[in-house]
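Student: Pasting a structure here, questions to come.
Nothing in this text is a laboratory measurement; each read-out follows from the coordinates by a stated rule. Keep in mind the model is a prediction, meaning the values are calculated, not measured. Glycine gets a Cβ as well: all are built from the backbone with ideal geometry, and neighbour counts include every protein chain shown.
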Amino acid sequence: MRGPAKSCALVLLALFVCTLTAAVTRHGMCVIQAAEKKEGIVSKFRNGDVVFIQGRTWRSFFVMLTDGGRTSAAADESFSHVGVVRFISDIPHVVHATPDNLFVLAEPADAFISSDNAECSAIYRLTDEGAQTAVSEAASLAALEYYTLSVPFDHQFDVCDATSLYCTELVLRAYEKAGVDLSEGRADFLCKVPLYGEVLLPDSLRRSGMLTRVETN
């Protein structure tokens, strides 16, 4: 489905999602919520950190609703977007791919997790502490290269096409370049999404056994 038909379907999905936003339990399930915590968390970032956010747009609710259908009711977090931390001129940035931008961008971390942009956020790092420094550094450099090369956003959400990227695909490929497969070969890593086929959703990435949440309280 392409062109006007796809646009119409997306609008209908958006309207449907908006009617269900009250069912999304946004408070009490995220690592970082209060504004003062968001201000303090920037100092905790390291190169290669994987930062998840729960966005505020209709797309965010659609992503969380889609992935929520595959998530146990016991899950305590739900996220709609993700990026990789890279320090640029000693300032932490989050390299990410969003449909709001034509190309991969590097956004200051405080803006990425700001209350204007996100309901809440969480930081994840490699579970293997011994590999954290070298691998995370390499992954952050790979992510930065996507930005410097102006890799376009993947509007088809085709994880098999490396010429353009969407958010989770960027993280996955950056770590693959660093020698780590965050999918762990799991058959359920991708989710079938209407109109797009198999897509890697943020919560699937978050549940990778290769990543561990960084406690920030």
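Student: Within the group Ser121, Ser164, which residue is surrounded by 15 or more Cβ atoms within 10 Å (Cβ to Cβ), more than 17 Å from Asp49 (Cβ to Cβ), within 17 Å of the chain's Cα centre (by Cα) and not charged (D, E, K, R)?
Tutor: On inspection, the qualifying residue turns out to be Ser164.
Student: Give segment 93-114 a look and list any residue that's touching a residue at least 24 places away in the same chain (Cβ under 8 Å) and buried (at least 23 other Cβ atoms within 10 Å of the Cβ), or say none.
Tutor: Val94, Val95, His96, Ala97, Val104, Ala109, Phe112, Ile113
Student: Might you let me know whether segment 105-114 holds any residue that is part of a loop (DSSP other than H, G, I, E, B) and closer than 16 Å to Val50 by Cβ?
Tutor: yes
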